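Written out below as structure tokens is the structure these notes cover.
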Amino acid sequence: MWVFVVFGVKMVVELNNIFESFDKNVIFKDKSLLQTRYQPEDIPYRDEQINQIAMVLAPVLRGERTSNLFLYGKTGTGKTLSIQHVKNELLKRVKKESGFKLRIEYLNCKLKKVSDTEYRILSEIIKKLGGEVPATGLPTQSVYSKFIDMIDSEKQLLVLILDEVDQTTKKLSNDFLYNLTRLNSELSQAQISIVGISNNLTFLDELDPRVRSSLSEEEIVFPPYNALQLQEILRKRANDVFKEGVIHDEGVIAKCAAFAAREHGDARRALDLLRVAGELAERDNSKKILLKYIDAANEKIERDKILDIIGSEPKQFQLVLHSIIQLSGKKDKESIFTGDVYHFYQDLCIKNKLEFLTQRRVSDIIQEFDMLGIINVRVISKGRGGRMREIKLAITQNILEKAKEIIRDSLSYN
Ligand SMILES: Nc1ncnc2c1ncn2[C@@H]1O[C@H](COP(=O)(O)OP(=O)(O)OP(=O)(O)O)[C@@H](O)[C@H]1O
Ligand SMILES: [Mg+2]
């Protein structure tokens, strides 16, 4: 009995220590400034893009429809931040006495369930405008009619910002965007302009040419940030996020920026690194962010990212990855090639009575894994123009074990 009491007391003391040291909070002054929701006033290195967006959209302040606009650039290059900034600035300048209404609505198409069906995404837009649509039941055409009735009831301009718009064509084909870009011809009082945003650089090329030309009447590119620019962005933010002296080594900012610059100049990655490094320092009861915490943060973010991808891939992807992992685990196999993977995968599907993809599709999947950094693929020439693709797993043992678990759970067999 009393063993339990002593044990209990010890646990309480330990918990007290943990909570107290967090309570003291020696690292963060205001961590919320590192959340994605936070909208910094100052947006360095995006003046040109912000001015261009403003120039395209400015006519709405006079009640004129603007060209459709398409923003693209790699992840973390400030697209969402910049459009939100311009949106806020425009709304500040709307004159009350003007004879028209201006609405600027932002929708992230990547959000769960938003772009599953044309019906869903339309309902989501209608909801933003203050209307309602039953969860199911209406024919899609009636939802369009409802949308048109809603906005065309008065003289108004609607700027519809569709962030991560590439998500809509993943599941909805081209129809949704096609229908959307044609709506103006059915409106008599209201007018719509669309701002599409994407980090998929080939998205436009994949669209139906009619949709493409309409969606990208104007285009603005967001280039990646370089290491020096990332340093500046980090330094500005770090001032308000951390307590004094927490970042006392200049190398800390430089290291975060260097890692993120390698990740194609991704400001989100740079800020995440800083946040995770701060959390690790906090957990370690350190009063400063040391360089080693940045390395650890980078590893943690990489690991989470890869596991996240593996977990969210469709079953066929997981089956291919499972095949690669199984083949790599066999000691007698020195190298594995695309053909080996395909045969293993095919057997696996047959054994489990699953349909299997063509070798061509599996090759595409393997290429995607290569791009994601899960495997390395090396092309080996075999004389007379023959080529083979050699595959090696590129994830550490630690991640590998976790990945296996995820795949096992998801495929529900060993
Ligand atoms: N110039 C900048 N100054 C300050 N913070 C920035 C700047 N650019 C980006 N950020 C910050 O980096 C993060 C990523 O930016 P943002 O969300 O705008 O990227 P994005 O281009 O929309 O990326 P994605 O394609 O992944 O959606 C955000 O937290 C944002 O506040
Ligand atoms: Mg974005």
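The values are calculated or read from the model by the stated rules, or taken from the named source; none is laboratory data. Everything numeric here is computed off the predicted structure, so don't read it as measured data. For neighbour counting, all protein chains shown are included, and Cβ atoms are generated from backbone atoms with ideal geometry for every residue, glycine included. Quick note on the areas: whole protein, heavy atoms, side chains included, nothing else; ligands and nucleic acids left out. Shrake-Rupley method; radii C 1.70, N 1.55, O 1.52, S 1.80 Å.
Computed quantities for the displayed model
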item: Hits in the range 305-317 - residues which are in contact with a helix residue (DSSP H, G or I) (Cβ under 9 Å, 6 or more places away or on another chain) and open to solvent by 60 Å² or more (accessible area, probe 1.4 Å); result: 305, 315
item: Failed condition for residue 109, given (1) at pLDDT 95 or above; (2) of a type outside the set (S, T, N, Q); (3) touching a helix residue (DSSP H, G or I) at 6+ places or on another chain (Cβ under 8 Å); (4) open to solvent by less than 80 Å² (accessible area, probe 1.4 Å); result: (1)
item: Residue 122 being within 16 Å of ligand 2 (Cβ to nearest atom) and not charged (D, E, K, R); result: no
item: The one condition in (1) surrounded by fewer than 19 Cβ atoms within 10 Å (Cβ to Cβ); (2) farther than 30 Å from residue 314 by Cα that residue 174 fails to fulfil; result: (2)
item: Restricting the range 373-388 to residues that are within 23 Å of residue 306 (Cβ to Cβ) and open to solvent by less than 70 Å² (accessible area, probe 1.4 Å), the residue that is farthest from the chain's Cα centre (by Cα); result: 377
item: Members of the range 36-57 found to be buried (at least 18 other Cβ atoms within 10 Å of the Cβ) and assigned to a helix (DSSP H, G or I), listed by number; result: 49, 50, 52, 53, 56, 57
item: Selection from the range 323-357 of residues that are open to solvent by 50 Å² or more (accessible area, probe 1.4 Å), hydrophobic (A, V, I, L, M, F, W, C) and assigned to a loop (DSSP other than H, G, I, E, B); result: 354, 356
item: Options 201, 228; residue that is within 16 Å of ligand 2 (Cβ to nearest atom) and open to solvent by 70 Å² or more (accessible area, probe 1.4 Å); result: 201
item: Unique match (being surrounded by 20 or more Cβ atoms within 10 Å (Cβ to Cβ), assigned to a strand (DSSP E or B) and either within 16 Å of ligand 1 (Cβ to nearest atom) or touching a residue at least 24 places away in the same chain (Cβ under 8 Å) (or both)) among 125, 104, 83, 121; result: 104
item: Residues satisfying the stated conditions in the range 167-202, i.e. at pLDDT 90 or above, within 16 Å of ligand 1 (Cβ to nearest atom) and not polar (S, T, N, Q); result: 195, 196, 197
